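Peer 1: Can you keep this structure in mind? I'll have questions shortly.
The values are calculated or read from the model by the stated rules, or taken from the named source; none is laboratory data. Note that this is a predicted model, so its numbers are computed, not measured. Cβ placement follows ideal geometry from the backbone for every residue including glycine, while neighbour counts extend to all protein chains displayed.
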Amino acid sequence: MPSRSRLIELVKPVLEEQKLRDAIVYILKHQLLPETSYVFSRITFSVNQPSLLFFIDEEPGVNWSHNCRYVAIGTEIKTITAKFPPPAHDLILLIKPDKTEDWKLLTDNEYK
């Protein structure tokens, strides 16, 4: 797995939108593999090359369904809009905006 700073560099272009500046960003613990179907929170998708999967919580602290997205980054970027997160035990916290209270986190297991 790449370094924390490299992961942030990879996902940063996706976070340039104003509405994503206060988002919490997580990374999936394992890499996605091609020709495999993945199911996360009612969404099934696959990737064409080995990819890292980022989960971006656009509305931290909002219960039930709310705006979020999955971003698979390999040699290309694939973005999937969603309403539900993946299981928290599959995630590692990558970016937490300073003003975010801990109760809004899906996990406090930080990427080192």
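Peer 1: Return the residue satisfying two criteria in turn: it lies in segment 73-112 and is loosely packed, with under 15 Cβ neighbours inside 10 Å and of a type in the set (Phe, Trp, Tyr), and of such residues it is farthest from residue 5 (Cα to Cα).
Peer 2: Going through the qualifying residues, I end up with 84.
Peer 1: Return yes or no: is residue 9 out of contact with any Ser or Thr (no Cβ under 6 Å at 6 or more places or on another chain), more than 21 Å from residue 107 (Cα to Cα), modelled with pLDDT of 90 or more and not in a strand (DSSP E or B)? Write out each step before concluding.
Peer 2: On the way: out of contact with any Ser or Thr (no Cβ under 6 Å at 6 or more places or on another chain): yes; more than 21 Å from residue 107 (Cα to Cα): yes; modelled with pLDDT of 90 or more: yes; not in a strand (DSSP E or B): yes.
Yes.
Peer 1: Still on this structure, I have one more. Conditions first: (1) among the hydrophobic types (A, V, I, L, M, F, W, C); (2) within 17 Å of residue 87 (Cβ to Cβ); (3) under 14 Å from the mean Cα position of the chain (by Cα). Residue 8 passes all but one, so which condition is the exception?
Peer 2: (2)
Residue-by-condition table, conditions (1) without any contact (Cβ under 8 Å) to a residue 40 or more places away in the chain; (2) touching a strand residue (DSSP E or B) at 6+ places or on another chain (Cβ under 6 Å):
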| position | (1), (2) |
| --- | --- |
| 49 | yes, no |
| 79 | no, yes |
| 91 | no, yes |
| 94 | no, yes |
| 99 | no, no |
| 103 | no, no |
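Peer 1: Scanning segment 54-72 for residues that are among the β-branched types (Val, Ile, Thr) and without any contact (Cβ under 8 Å) to a residue 60 or more places away in the chain, which turns out surrounded by the most Cβ atoms within 10 Å (Cβ to Cβ)? Spell out the reasoning first.
Peer 2: Let us first name the residues in segment 54-72 that are among the β-branched types (Val, Ile, Thr), namely 56, 62, 71.
Okay, now just the ones that are also without any contact (Cβ under 8 Å) to a residue 60 or more places away in the chain, so 56, 62.
On the way: 56: 23, 62: 12.
So the residue we want is 56.
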